[in-house]
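See below for the structure under consideration.
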Amino acid sequence: MIRRAHSLTLASAFSFCALLANTVLLTGNPPLSAQQLPAEKETALAHVEALASEIHRMSMVLWDFSEIALLENQSADFLADLLESEGFTVERGVAGMPTAFVASFGSGRPIVGILAEYDALPSIGNAAVPRKEPREDGHPHGQGCGHNLFGAGSVGAAIALKRTIQDHNLTGTVRLYGTPAEETVVGKVYMAKAGLFDDLDASLDWHPSLETEVGNSTGLAMNNFEVEFFGQAAHSAADPWNGRSALDAVEMMNYGANMMREHVKPSARIHYVIPNAGEAPNVVPEYARVWYYVRDTARAPVGDHYARLLDIAKGAALATRTEYKVTLLTGVHEMLLNRPLQEAAQANMEYVGAPRFAEEDQAFARELQESLGIEQNGLFTEVKPLADKPEPPEGGSTDVAEVSWIAPAVSIRVATAAQGIPWHSWAAAASHGTDGSVRGADVAAQVLALTGVDLLMNPSLVEEARAFYLEKTGGKPYVSPVPEGQEPPLPGRRRD
Ligand SMILES: [Zn+2]
């Protein structure tokens, strides 16, 4: 996911007033801040507060592990064990991924899903200090997207919700999804394909961020695929006429894709790398592989661009007399926003407020900003208003989008790192190992737990969210972007 910066404008503040009016219309209740908190919500908040040291511990343990996509064995076991000891029923190794799990508690409807992530990013590990410095234990990988906090905050919310269900004898189910490999946009794609979200009434998740807000942008739909070309090796000087270069085919394909850029809408994004391109200049490369992402604002244009790129691959193979093979590794939709859930989450976020960062958190943030040579304005300390319309789609893609096309879903973001720092970087990995960042996870756990209570207590919210979802999808069933029968790309199954 890509973070973005916004300034509060008069216009957006005005829309927020309109939003509050909408909240009244939709729920029939005044805004949360203007009313006495129901006892169930007080209970949920008290449980999150009581779990604060546990959320801190989880955040730090997952930061220490910092395991990359589909290798999050210790992280997944750690969270699953914890939920099991809390009384959740845990199913491990779901959807063909050893590090995916589902933990459930309660019975009947509504079924409230909370998503947890825990994978790290390769080779950006850093000590929890405000400068570039390797970890003392030499561990190379890092939580540059803050998924250690994501996992800890979500599990904290699920436990708080479970305890609230028990305390108040509520009917309903809370289900924590351990979703691996978000960074490779794999985990939820295959969990969705396996039908694991099919019976959800609502899905809640959060993401560490530079700001605190309810997600209101759809992100980009995407296909992630590779094309392998198979030629014939020969001596590049002695008998090149016997050779058929797979690298030539890759180069022709990329040339064709680069020509294509002129003739697609500006919302398209096409990018590639060449992981295999031959070994030595004096050998005609018999094998080459190019790896592509193609993105746009919706599935349909992604499908069109993808079809054109496959024609280009075919043309490149024909022209170079090589064979080729296409593998669609994964794909996602754009996020389907759900207004009733967004408004419920916004009301709860307004009530909880932004993380209350300590002076030492701000000092760390400013030092980090200084070492990056950017403005030293510390951590973001407000809750952004929810605009009355979705924000324009931007850069990144997320596999949370798959869940949003199966069930009503809402994502929130909470500040966990200094404003303006590069995401997916050593600086973000360093930030997410600090106490200050855990204050963000605490806020997330509170907002998710309160929104979960809303769903458990208020059938009209569940119905409004479902009606909104059905209107947007037209009741069409979810179709996975990846082909029928395809298995998740587990490490060891592929050439890289
Ligand atoms: Zn992330």
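A few remarks follow.
- Filtered by the rule that a residue be open to solvent by less than 40 Å² (accessible area, probe 1.4 Å) and in contact with a Lys or Arg (Cβ under 9 Å, 6 or more places away or on another chain), the range 236-248 gives a lone residue, ALA246.
- Yes/no for PRO488 being touching a strand residue (DSSP E or B) at 6+ places or on another chain (Cβ under 9 Å) and not acidic (Asp, Glu): yes
- Of all residues in the range 418-443, those satisfying the criterion of being hydroxyl-bearing (Ser, Thr, Tyr) and either open to solvent by less than 10 Å² (accessible area, probe 1.4 Å) or not in a loop (DSSP other than H, G, I, E, B) (or both) are SER431, SER437.
- Long-range neighbours under 9 Å by Cβ, at least six apart or interchain, first residue touching a residue at least 40 places away in the same chain (Cβ under 8 Å) and within 19 Å of HIS333 (Cβ to Cβ) within the range 300-315, second part of a helix (DSSP H, G or I) and not hydroxyl-bearing (Ser, Thr, Tyr): HIS305/MET260; LEU309/MET253; LEU309/GLY256; LEU309/ALA257; LEU309/MET260
- Restricting attention to the range 126-154, the residues that are within 16 Å of the ligand (Cβ to nearest atom) and not hydroxyl-bearing (Ser, Thr, Tyr) total 13.
- Flag for ALA415 being under 16 Å from the mean Cα position of the chain (by Cα), of a type outside the set (Phe, Trp, Tyr) and buried (at least 24 other Cβ atoms within 10 Å of the Cβ): yes
- Across the range 445-484, the qualifying residues are those that are small (Gly, Ala, Ser) and assigned to a loop (DSSP other than H, G, I, E, B), and the one among them that is modelled with the lowest pLDDT is GLY475.
- Options ALA288, ALA300; residue that is open to solvent by less than 10 Å² (accessible area, probe 1.4 Å) and more than 16 Å from the ligand (Cβ to nearest atom): ALA288
- Index of the failed condition, PRO393 passing every other in (1) closer than 30 Å to VAL290 by Cβ; (2) crowded, with 23+ Cβ neighbours inside 10 Å: (2)
- The lone criterion from (1) out of contact with any Pro (no Cβ under 9 Å at 6 or more places or on another chain); (2) within 16 Å of the ligand (Cβ to nearest atom); (3) charged (D, E, K, R) left unmet by GLU183 is number (1).
- Against the conditions (1) in contact with a Ser or Thr (Cβ under 6 Å, 6 or more places away or on another chain); (2) without any contact (Cβ under 8 Å) to a residue 60 or more places away in the chain, SER431 satisfies every one except (2).
- Counting only residues that are in contact with a strand residue (DSSP E or B) (Cβ under 6 Å, 6 or more places away or on another chain) and open to solvent by 50 Å² or more (accessible area, probe 1.4 Å), the range 311-325 holds 4 of them.
- Taking the conditions (1) over 29 Å from GLY187 (Cα atoms); (2) open to solvent by less than 40 Å² (accessible area, probe 1.4 Å) in turn, GLU262 satisfies each one other than (2).
- Helices (runs of 4 or more DSSP H) within the range 283-387 that include 1 or more residues farther than 26 Å from LEU450 by Cα and of a type outside the set (Ser, Thr, Tyr): 299-320, 359-372
The values are calculated or read from the model by the stated rules, or taken from the named source; none is laboratory data. All values reported here derive from a predicted model rather than from experimental measurement. Every residue, glycine among them, receives a Cβ derived from its backbone with ideal geometry; neighbour counts consider all protein chains shown. Just so you know, the surface numbers come from the protein's heavy atoms only, side chains and all, with ligands and any DNA or RNA stripped out. Shrake-Rupley method; radii C 1.70, N 1.55, O 1.52, S 1.80 Å.
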